[in-house]
1. Go through the stretch 40-65 and give me each residue that's of a type in the set (A, V, I, L, M, F, W, C), surrounded by 13 or more Cβ atoms within 10 Å (Cβ to Cβ) and within 14 Å of residue 11 (Cα to Cα).
2. Filter the stretch 18-48 down to residues that are within 28 Å of residue 68 (Cα to Cα) and touching a helix residue (DSSP H, G or I) at 6+ places or on another chain (Cβ under 8 Å) and give me whichever is modelled with the lowest pLDDT.
3. Enumerate the pairs (first residue in the stretch 47-61 and within 19 Å of residue 32 (Cβ to Cβ); second residue anywhere and surrounded by 14 or more Cβ atoms within 10 Å (Cβ to Cβ)) with beta-carbon separation below 7 Å, excluding pairs fewer than 6 apart on the same chain, so at least 6 apart or on different chains.
Amino acid sequence: MNLPWKPHYKAAIEVAFIIFLFYSNLLMGEFTEAAGRGKSLSTALIDIFTAKNFAIALITSIFGHFAFEVLRKKS
């Protein structure tokens, strides 16, 4: 499926989706047995939305976008 979007829009959507997956994985990890019982959603969100986590998410999502582009061009 070839969408008529400009390449930078596609890249922004892909990066945002990878960041969403990163944060959803972090949020699920906050509610595991090892993280402790009785943690509220607001406390978990405060724990995961940090500058360090955002930097990691942004860098890895950009890397992931370029990795997917390389795989798309090979096929």
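The values are calculated or read from the model by the stated rules, or taken from the named source; none is laboratory data. A quick note: this is a predicted structure, and the numbers were derived from the prediction, not measured. Virtual Cβ from ideal backbone geometry, glycine too; neighbours counted across all protein chains shown.
1. 58, 62
2. 29
3. 47/30; 48/23; 48/26; 48/27; 48/30; 53/26
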